[in-house]
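Here is the structure we will look at.
The values are calculated or read from the model by the stated rules, or taken from the named source; none is laboratory data. None of these values were measured; they are calculated from a predicted model. Every residue, glycine as well, gets a Cβ built from its backbone with ideal geometry; the counts of neighbours run over all protein chains shown.
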Amino acid sequence: MTYRFLRLAACTTMMLPVLLVISSPARSAVFVYTTTLSGAAESPPNSSAGTGTGYVVYDDLAHTLQVQISFNGLTGQTTAAHIHSATAIAGAGTAGVATATPSFPGFPLGVTSGSYNQLFDLTLASSYSQAFVTASGSIASAETSLISGMDAGKAYLNVHTTASPGGEIRGFLALQSAVPEPMTWGMFVSGFGLIGAAMRRRHQGSIRFA
(Lines give C-alpha, C1' and ligand atoms only; values in the text may rest on other atoms or scores of the structure.)
Protein backbone atom coordinates (compact mmCIF):
# COMPACT_ATOMS: atom_id res chain seq x y z
CA MET A 1 0.00 0.00 0.00
CA THR A 2 2.83 2.38 0.94
CA TYR A 3 4.71 1.64 -2.28
CA ARG A 4 1.61 2.24 -4.39
CA PHE A 5 0.92 5.53 -2.60
CA LEU A 6 4.47 6.79 -3.16
CA ARG A 7 4.37 5.73 -6.80
CA LEU A 8 1.05 7.58 -7.35
CA ALA A 9 2.39 10.69 -5.62
CA ALA A 10 5.50 10.66 -7.80
CA CYS A 11 3.46 10.35 -10.99
CA THR A 12 1.16 13.17 -9.91
CA THR A 13 4.10 15.46 -9.18
CA MET A 14 5.71 14.68 -12.51
CA MET A 15 2.50 15.51 -14.35
CA LEU A 16 2.27 18.99 -12.84
CA PRO A 17 4.20 20.73 -15.67
CA VAL A 18 1.78 19.34 -18.26
CA LEU A 19 -1.24 20.15 -16.10
CA LEU A 20 0.03 23.71 -15.79
CA VAL A 21 0.33 24.00 -19.57
CA ILE A 22 -3.14 22.56 -20.11
CA SER A 23 -4.71 24.86 -17.53
CA SER A 24 -2.82 27.96 -18.71
CA PRO A 25 -4.33 30.31 -21.33
CA ALA A 26 -4.22 28.91 -24.86
CA ARG A 27 -2.90 32.21 -26.16
CA SER A 28 0.83 32.22 -26.75
CA ALA A 29 3.15 35.12 -26.09
CA VAL A 30 4.07 36.73 -29.41
CA PHE A 31 1.79 37.63 -32.32
CA VAL A 32 3.06 38.81 -35.71
CA TYR A 33 1.01 41.00 -38.07
CA THR A 34 2.00 42.22 -41.53
CA THR A 35 0.59 44.47 -44.24
CA THR A 36 1.38 46.00 -47.61
CA LEU A 37 0.71 49.74 -47.93
CA SER A 38 -0.61 51.34 -51.11
CA GLY A 39 -2.70 54.20 -52.40
CA ALA A 40 -5.22 51.75 -53.82
CA ALA A 41 -5.91 50.52 -50.29
CA GLU A 42 -6.77 54.02 -49.07
CA SER A 43 -10.35 55.18 -48.48
CA PRO A 44 -11.05 56.63 -50.94
CA PRO A 45 -8.39 55.03 -53.15
CA ASN A 46 -5.80 57.29 -54.78
CA SER A 47 -3.33 56.94 -57.65
CA SER A 48 -0.16 57.31 -55.57
CA ALA A 49 2.77 55.26 -56.82
CA GLY A 50 4.01 55.07 -53.23
CA THR A 51 4.37 51.67 -51.58
CA GLY A 52 5.24 50.40 -48.15
CA THR A 53 5.29 47.46 -45.81
CA GLY A 54 4.33 47.14 -42.18
CA TYR A 55 5.43 44.59 -39.58
CA VAL A 56 3.87 44.67 -36.11
CA VAL A 57 4.74 42.33 -33.23
CA TYR A 58 2.60 42.11 -30.10
CA ASP A 59 3.90 40.50 -26.91
CA ASP A 60 0.98 39.76 -24.60
CA LEU A 61 3.24 38.96 -21.64
CA ALA A 62 5.46 42.05 -21.84
CA HIS A 63 2.54 44.18 -23.12
CA THR A 64 4.66 45.68 -25.89
CA LEU A 65 4.05 46.50 -29.55
CA GLN A 66 6.95 46.59 -32.01
CA VAL A 67 6.12 48.67 -35.09
CA GLN A 68 8.29 48.51 -38.21
CA ILE A 69 7.39 50.44 -41.37
CA SER A 70 9.25 51.02 -44.63
CA PHE A 71 7.96 53.20 -47.47
CA ASN A 72 9.11 54.81 -50.71
CA GLY A 73 7.93 56.69 -53.77
CA LEU A 74 5.37 58.85 -52.00
CA THR A 75 3.86 61.74 -53.92
CA GLY A 76 3.97 64.10 -50.96
CA GLN A 77 6.17 64.48 -47.89
CA THR A 78 5.19 62.55 -44.79
CA THR A 79 3.21 64.36 -42.10
CA ALA A 80 2.12 61.50 -39.81
CA ALA A 81 1.68 57.75 -39.44
CA HIS A 82 -0.62 55.77 -37.16
CA ILE A 83 -2.50 52.58 -36.52
CA HIS A 84 -6.25 53.18 -36.86
CA SER A 85 -8.81 50.88 -35.21
CA ALA A 86 -11.39 49.51 -35.45
CA THR A 87 -13.40 49.63 -38.65
CA ALA A 88 -16.95 48.29 -38.79
CA ILE A 89 -15.97 45.45 -41.09
CA ALA A 90 -12.66 43.72 -41.77
CA GLY A 91 -10.48 45.09 -44.55
CA ALA A 92 -12.61 48.13 -45.37
CA GLY A 93 -13.80 51.47 -44.08
CA THR A 94 -12.12 53.98 -41.79
CA ALA A 95 -11.59 54.33 -38.06
CA GLY A 96 -10.12 56.77 -35.59
CA VAL A 97 -6.46 56.85 -34.62
CA ALA A 98 -5.64 54.26 -31.96
CA THR A 99 -1.92 54.91 -31.47
CA ALA A 100 -0.04 58.04 -30.41
CA THR A 101 -0.94 61.40 -31.93
CA PRO A 102 -0.09 63.53 -33.81
CA SER A 103 2.10 60.69 -35.15
CA PHE A 104 4.19 57.72 -34.06
CA PRO A 105 7.01 59.20 -31.94
CA GLY A 106 10.16 59.51 -34.03
CA PHE A 107 8.47 58.68 -37.33
CA PRO A 108 10.41 60.30 -40.22
CA LEU A 109 8.50 63.40 -41.33
CA GLY A 110 9.01 65.61 -44.38
CA VAL A 111 10.31 62.76 -46.56
CA THR A 112 9.01 60.63 -49.43
CA SER A 113 10.83 57.44 -48.43
CA GLY A 114 12.21 56.03 -45.22
CA SER A 115 11.89 53.43 -42.50
CA TYR A 116 10.75 53.26 -38.89
CA ASN A 117 11.24 50.86 -35.98
CA GLN A 118 9.86 51.55 -32.51
CA LEU A 119 8.87 49.53 -29.43
CA PHE A 120 5.81 50.75 -27.52
CA ASP A 121 4.85 49.99 -23.94
CA LEU A 122 1.12 49.34 -24.07
CA THR A 123 0.72 49.98 -20.35
CA LEU A 124 1.46 53.68 -20.96
CA ALA A 125 -1.19 56.19 -21.99
CA SER A 126 1.35 57.83 -24.31
CA SER A 127 1.22 54.78 -26.61
CA TYR A 128 -2.39 55.62 -27.58
CA SER A 129 -4.43 58.58 -28.72
CA GLN A 130 -6.34 60.14 -25.84
CA ALA A 131 -9.59 59.67 -27.72
CA PHE A 132 -8.94 55.93 -28.05
CA VAL A 133 -8.23 55.53 -24.33
CA THR A 134 -11.35 57.51 -23.46
CA ALA A 135 -13.51 55.45 -25.81
CA SER A 136 -12.03 52.20 -24.44
CA GLY A 137 -12.54 53.21 -20.81
CA SER A 138 -9.01 52.57 -19.53
CA ILE A 139 -5.45 51.94 -20.68
CA ALA A 140 -5.81 48.20 -20.14
CA SER A 141 -9.02 48.18 -22.16
CA ALA A 142 -7.31 50.24 -24.87
CA GLU A 143 -4.70 47.50 -25.25
CA THR A 144 -7.42 44.86 -25.48
CA SER A 145 -9.38 46.92 -28.02
CA LEU A 146 -6.33 47.57 -30.18
CA ILE A 147 -5.27 43.92 -30.31
CA SER A 148 -8.85 42.77 -30.88
CA GLY A 149 -9.07 45.10 -33.86
CA MET A 150 -5.78 43.78 -35.24
CA ASP A 151 -6.85 40.16 -34.70
CA ALA A 152 -10.12 40.80 -36.53
CA GLY A 153 -8.49 42.50 -39.53
CA LYS A 154 -10.13 45.80 -38.59
CA ALA A 155 -6.97 47.82 -37.86
CA TYR A 156 -4.78 49.48 -40.46
CA LEU A 157 -1.46 51.29 -40.80
CA ASN A 158 -1.70 54.66 -42.49
CA VAL A 159 0.97 57.09 -43.74
CA HIS A 160 -0.24 60.66 -44.24
CA THR A 161 1.47 63.17 -46.55
CA THR A 162 1.21 66.75 -47.78
CA ALA A 163 -0.28 65.43 -51.03
CA SER A 164 -2.87 63.31 -49.21
CA PRO A 165 -3.54 64.71 -45.72
CA GLY A 166 -6.11 62.00 -45.05
CA GLY A 167 -3.63 59.28 -45.92
CA GLU A 168 -1.54 58.49 -49.00
CA ILE A 169 -0.87 54.79 -48.41
CA ARG A 170 -2.36 52.30 -46.01
CA GLY A 171 -2.83 48.59 -45.39
CA PHE A 172 -4.92 46.45 -43.04
CA LEU A 173 -2.90 44.40 -40.58
CA ALA A 174 -3.25 40.63 -40.88
CA LEU A 175 -2.23 38.09 -38.25
CA GLN A 176 0.49 35.85 -39.69
CA SER A 177 1.63 33.76 -36.74
CA ALA A 178 1.43 33.23 -33.00
CA VAL A 179 4.74 32.12 -31.53
CA PRO A 180 4.52 30.10 -28.28
CA GLU A 181 6.45 31.28 -25.28
CA PRO A 182 9.71 29.26 -24.99
CA MET A 183 9.11 28.49 -21.29
CA THR A 184 5.69 27.05 -22.07
CA TRP A 185 7.13 24.70 -24.68
CA GLY A 186 9.92 23.74 -22.27
CA MET A 187 7.43 22.83 -19.58
CA PHE A 188 5.34 20.97 -22.13
CA VAL A 189 8.24 18.86 -23.41
CA SER A 190 9.77 18.21 -19.98
CA GLY A 191 6.34 17.26 -18.67
CA PHE A 192 5.93 14.55 -21.28
CA GLY A 193 9.47 13.37 -20.62
CA LEU A 194 8.72 13.00 -16.92
CA ILE A 195 5.49 11.15 -17.63
CA GLY A 196 7.39 8.77 -19.90
CA ALA A 197 9.96 8.15 -17.20
CA ALA A 198 7.23 7.56 -14.62
CA MET A 199 5.50 5.06 -16.90
CA ARG A 200 8.75 3.16 -17.46
CA ARG A 201 9.41 2.98 -13.73
CA ARG A 202 5.83 1.84 -13.17
CA HIS A 203 6.25 -0.91 -15.74
CA GLN A 204 9.53 -2.03 -14.18
CA GLY A 205 7.98 -1.89 -10.72
CA SER A 206 5.12 -4.08 -11.87
CA ILE A 207 7.57 -6.72 -13.04
CA ARG A 208 9.72 -6.45 -9.93
CA PHE A 209 6.89 -6.60 -7.42
CA ALA A 210 4.45 -8.81 -9.29
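Would it be correct to say that Phe107 is surrounded by 13 or more Cβ atoms within 10 Å (Cβ to Cβ) and assigned to a loop (DSSP other than H, G, I, E, B)?
Values: surrounded by 13 or more Cβ atoms within 10 Å (Cβ to Cβ): yes; assigned to a loop (DSSP other than H, G, I, E, B): yes.
Against the criterion (surrounded by 13 or more Cβ atoms within 10 Å (Cβ to Cβ) and assigned to a loop (DSSP other than H, G, I, E, B)), Phe107 qualifies.
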Whether any residue in the stretch 39-50 is at pLDDT 95 or above, hydroxyl-bearing (Ser, Thr, Tyr) and closer than 24 Å to Leu124 by Cβ is what I want to check. no
If I filter the stretch 141-156 down to residues being part of a helix (DSSP H, G or I) and of a type outside the set (A, V, I, L, M, F, W, C), which single residue comes out as farthest from the chain's Cα centre (by Cα)? Ser141
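Every residue, every condition in (1) in contact with a Phe, Trp or Tyr (Cβ under 7 Å, 6 or more places away or on another chain); (2) assigned by TED's automatic domain parsing to the domain that holds Thr134; (3) modelled with pLDDT of 95 or more, yes or no:
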{"site": "Thr12", "(1), (2), (3)": "no, no, no"}
{"site": "Leu16", "(1), (2), (3)": "no, no, no"}
{"site": "Phe71", "(1), (2), (3)": "no, yes, yes"}
{"site": "Ala92", "(1), (2), (3)": "no, yes, yes"}
{"site": "Ala100", "(1), (2), (3)": "yes, yes, yes"}
{"site": "Pro105", "(1), (2), (3)": "no, yes, yes"}
Looking only at the stretch 157-199, and only at residues there that are within 22 Å of the chain's Cα centre (by Cα) and in a helix (DSSP H, G or I), the one that is modelled with the lowest pLDDT: Trp185
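Looking only at residues in the stretch 55-82 that are hydroxyl-bearing (Ser, Thr, Tyr) and closer than 22 Å to Ala142 by Cα, which one is farthest from the chain's Cα centre (by Cα)? Reasoning before the result, please.
Taking the stretch 55-82 as the starting set, the residues that turn out to be hydroxyl-bearing (Ser, Thr, Tyr) are 55, 58, 64, 70, 75, 78-79.
From what is left, the residues that are closer than 22 Å to Ala142 by Cα are 55, 58, 64.
Working: Tyr55: 10, Tyr58: 3, Thr64: 8 Å.
So the residue we want is Tyr55.
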Pairs with Cβ under 7 Å, 6+ apart, first in the stretch 43-66 and farther than 19 Å from Ala100 by Cβ, second among the β-branched types (Val, Ile, Thr) and surrounded by fewer than 17 Cβ atoms within 10 Å (Cβ to Cβ): Ser43/Thr94; Thr53/Thr36
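In this structure, does Phe120 turn out to be closer than 20 Å to Gln176 by Cβ and either outside any helix (DSSP H, G or I) or not assigned by TED's automatic domain parsing to the domain that holds Leu37 (or both)?
Working: closer than 20 Å to Gln176 by Cβ: yes; either outside any helix (DSSP H, G or I) or not assigned by TED's automatic domain parsing to the domain that holds Leu37 (or both): yes.
The answer is yes for Phe120.
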